[in-house]
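Shown next, in structure tokens, is the structure this report addresses.
The values are calculated or read from the model by the stated rules, or taken from the named source; none is laboratory data. Nothing here was measured: the structure is a model prediction, and the numbers come from that model. Cβ placement follows ideal geometry from the backbone for every residue including glycine, while neighbour counts extend to all protein chains displayed.
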Amino acid sequence: MHFADFYRESIDDPQTFWRRQATLIDWHKPYTEVLDYAKPPFARWFIGGETNLCHNALDRWIATQGDMPALVAISTETRSEKVYTFKELLAEVSCMAAAMQALGVGKGDRVLIYMPMIAEAAFAMLACARIGAVHSVVFGGFASHSLATRIDDAQPKLIVSADAGSRGGKPIPYKHLLDAAIDLAHAKPASVLLVDRGLAPMQMVAGRDVDYAGLRVRHQGQQVPVTWLEANEKSYILYTSGTTGKPKGVQRDVGGYAVALAASMKYIFCGNAGETYFSTSDIGWVVGHSYIVYGPLIAGMATIMYEGLPISPDPGIWWSIVEKYRVTRMFSAPTAVRILKKQPVEFMKKYDLSSLKTLYLAGEPLDEPTSSWIAGELGVPVVDNYWQTETGWPILSIAKGVEDIPSRPGSPGLPIYGYKVRIIDEVGGEDCTANEKGMVVIEGPLPPGCMQTVYGDDQRFVQTYWTQSGGRHIYSTFDWGIRDADGYYFILGRTDDVINVAGHRLGTREIEESISSHAKVAEVAVVGVADQIKGQVAVAFVVLKRSDDAATPEAGRALEQEIMAVVDRQVGAVGRPARVVFVNGLPKTRSGKLLRRALQAICEGRDPGDLTTIEDPAALQQIRAMLEARTAQAVN
Ligand code: PRX
């Protein structure tokens, strides 16, 4: 099959195309209509059909491969490793589902999951899916303030958490952050279910906190029937950053998501039932939802959940996992590969990697040297794939399961079936010509599996993402890009204030709001600056209320540490700026708009471009001089 024909049908006749893909999953009740696009930009898929994500991930495989591995939970932090077969995983999920029901959780209730990469996190997600509860996983690297904002928006009935995560052998306690977040939040959960790993002490709150170990014993062996859901009911909310400080709850459906994942596992990730899939992401991010938990299991594959660093106990750890579990498809991020590239290659060569067929990389731009190095060392193709929390599965890639089209250095590939991708000019909205830079947009309807709306805020969904042009509804990805003459796309970074640190998507506004809360800070701007390993790092430019608070280098360093600690406490270590630079003023236009791109450019040693609108050119000159002085200090 030629990919071009496959793609064309998905665009010209989406009804036929997606009807065929819908046979990849089990339906409890057939749908009556494939697509309802009567109220654009809202698209509804598989109307009237009833299904369930947990059924498709687990129950469906029991008869044919119930005793085969489904989940392999490996922690190099706690030196533990446990394989759950499909039967065992279903039993654990049912037990967790029964526990949730005992705590009063039912269909449509939100359950916030704030957990490290342990098996119980997957049990909790699948348990929610089973009983029709709506999960909202919050990345464990976020701290109390970020968590509180998400609690207030999702209003969960239950929060599932643990005593601690662990990093580099050191416990990272979660419980006090969670308690602080619940104190800050207006919406209080009725219960908090806690997995005690024995890593950090926990203060239990009477009447609210419940230890999972006790409930597990009580509900062991209990069977919980699947709650069948109409395809357009909610499956989960996943918060993601944008231009404002208030994260958006990306809301996804059930049926369209299940179909989209099943199809992507077949055509893009080429995974077969009985094989093992290893994604090194975290359940707190969209990759963890789609390609650690749901996608591989829906395809009948075993999935690996890994807690730990890529280089500990040594840089061969991931490859030892590939060898041991005969991993066929692996998914990671360019940053991880750049970290491994700095390590002796013998750690990779030690292992038998003959099972591995493809390495998929996503989340940030993949540079050619990183891609060709890893492809060369592993001897397998590397497949770049570009997408977003909002879409839930790849927008651009090479669908090798349809046709093995050659890739191009620096390009994630071609538009994937279902996505009508265009590059348009920022001002006029006209289509750009080949190799001309513009905004990457998708013409509606978005295919199945993409976000339905912003949770609780349809208007924000429409206003944030959609514009109309010539009677068509156009979704903005907020990425710059170009398309070459042969239709390959290249992604050139975000058009908004989102930055990408080590593949982690962060909103600079959230970090700025946290820094502003420091009593000595008058004004702040956070920008993403190019970094050789992490892709980007956050750099904060701070104007102090009293500039002599950072008059000496020692005072400046102490204040920098204080500000970093504020971010750690409120947003989490993931948002901590790599540097805090104290300046007299921020570069702004005469109308008061911050010139972020100019700031970013001078940090990267680039020409800041057109500065005719700048109010005070001295501000930028001072920043440039400070950065040069710091670089000189670092070199000396
Ligand atoms: O800027 C793009 C970048 O990451 C953003 C989406 O991040 P997130 O919502 O966390 O979803 C990640 C899903 C893999 C995009 O808007 N991005 C993602 N993949 C790529 C990428 N940039 C370049 N190349 C990619 N392959």
Note on the range 550-577: residues under 26 Å from the mean Cα position of the chain (by Cα) and in a loop (DSSP other than H, G, I, E, B) are 571, 572, 576, 577
So, residue 543, is that one away from the ligand (no atom under 16 Å from the Cβ), touching a residue at least 12 places away in the same chain (Cβ under 8 Å) and assigned to a strand (DSSP E or B) or not?
yes
Do we find a residue being more than 16 Å from the ligand (Cβ to nearest atom), closer than 28 Å to residue 143 by Cα, outside any strand (DSSP E or B) and not aliphatic (A, V, I, L, M) anywhere in the range 527-536?
yes
Of the residues in the range 466-480, those that are farther than 18 Å from residue 418 by Cα and more than 12 Å from the ligand (Cβ to nearest atom) number 5
Residue check, residue 505 closer than 26 Å to residue 575 by Cα, among the basic types (Lys, Arg) and away from the ligand (no atom under 16 Å from the Cβ): no
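Out of the residues in the range 224-268 meeting the condition of being among the polar types (S, T, N, Q) and not in a loop (DSSP other than H, G, I, E, B), tell me which one is nearest to residue 285 (Cα to Cα).
So, considering only residues that are among the polar types (S, T, N, Q) and not in a loop (DSSP other than H, G, I, E, B), the one nearest to residue 285 (Cα to Cα) is 240.
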Being at pLDDT 95 or above and under 19 Å from residue 570 (Cα atoms) narrows 190, 185 down to just 185
Sole miss for residue 391 among (1) within 14 Å of the ligand (Cβ to nearest atom); (2) touching a Lys or Arg at 6+ places or on another chain (Cβ under 7 Å) is condition (2)
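State which residue is nearest to residue 477 (Cα to Cα) when the search covers only the range 397-410 and only residues that are within 12 Å of the ligand (Cβ to nearest atom) and buried (at least 23 other Cβ atoms within 10 Å of the Cβ).
Let us first name the residues in the range 397-410 that are within 12 Å of the ligand (Cβ to nearest atom), namely 397-398, 407, 410.
Subset that is buried (at least 23 other Cβ atoms within 10 Å of the Cβ): 397-398.
Details: 397: 16, 398: 19 Å.
Restricting to residues being within 12 Å of the ligand (Cβ to nearest atom) and buried (at least 23 other Cβ atoms within 10 Å of the Cβ), the top hit is 397.
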Flagged in the range 214-273 as over 23 Å from residue 288 (Cα atoms) and either in contact with a Leu (Cβ under 8 Å, 6 or more places away or on another chain) or within 15 Å of the ligand (Cβ to nearest atom) (or both), in numbering order, are 215, 243
Within the range 216-234, restricting to residues that are of a type in the set (A, V, I, L, M, F, W, C) and surrounded by fewer than 19 Cβ atoms within 10 Å (Cβ to Cβ), the one that is farthest from the chain's Cα centre (by Cα) is 217
Every listed condition ((1) closer than 20 Å to residue 355 by Cβ; (2) in contact with a Pro (Cβ under 9 Å, 6 or more places away or on another chain)) holds for residue 323 save (2)
Looking across the range 592-606 at residues that are closer than 13 Å to residue 523 by Cβ and in contact (Cβ under 8 Å) with a residue 40 or more places away in the chain, the single one that is surrounded by the fewest Cβ atoms within 10 Å (Cβ to Cβ) is 594
>> Being within 16 Å of the ligand (Cβ to nearest atom) and either in contact with a Pro (Cβ under 7 Å, 6 or more places away or on another chain) or modelled with pLDDT of 95 or more (or both): is that true of residue 483 here?
In response: yes
Output for Cβ contacts, cut-off 7 Å, separation at least six or different chains, first residue in contact (Cβ under 8 Å) with a residue 24 or more places away in the chain and buried (at least 22 other Cβ atoms within 10 Å of the Cβ) in the range 256-282, second of a type in the set (D, E, K, R) and outside any loop (DSSP other than H, G, I, E, B), reads 269/329; 271/329; 277/329
> Taking the stated definitions as given, is residue 363 over 26 Å from residue 248 (Cα atoms) and within 12 Å of the ligand (Cβ to nearest atom)?
Replying inline: no
Exactly one of 344, 369 is within 16 Å of the ligand (Cβ to nearest atom) and over 22 Å from residue 289 (Cα atoms), and that residue is 369
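Among the listed residues 300, 308, which satisfies the condition of being under 30 Å from residue 250 (Cα atoms) and over 18 Å from the mean Cα position of the chain (by Cα)?
Values: 308 fails: over 18 Å from the mean Cα position of the chain (by Cα).
It is 300.
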For the range 377-393, pairs from a residue that is at positive phi to a residue that is within 6 Å of the ligand (Cβ to nearest atom) and of a type in the set (A, V, I, L, M, F, W, C), with Cβ under 7 Å and 6 or more apart or across chains, are 392/286
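May I ask you to list the residues in the range 486-500 that are within 11 Å of the ligand (Cβ to nearest atom) and farther than 17 Å from residue 239 by Cβ? It would help to see each step written out before you state the result.
Step one: filter the range 486-500 for residues within 11 Å of the ligand (Cβ to nearest atom), giving 489-496, 498-500.
Of everything in the range 486-500, those that are within 11 Å of the ligand (Cβ to nearest atom) and farther than 17 Å from residue 239 by Cβ turn out to be 489, 490, 491, 492, 493, 494, 495.
For residue 551, indicate whether it is within 18 Å of residue 506 (Cα to Cα) and exposed (fewer than 15 other Cβ atoms within 10 Å of the Cβ). Walk me through how you get there before you give the answer.
Numbers: within 18 Å of residue 506 (Cα to Cα): no; exposed (fewer than 15 other Cβ atoms within 10 Å of the Cβ): yes.
For residue 551, the condition - within 18 Å of residue 506 (Cα to Cα) and exposed (fewer than 15 other Cβ atoms within 10 Å of the Cβ) - is not met.
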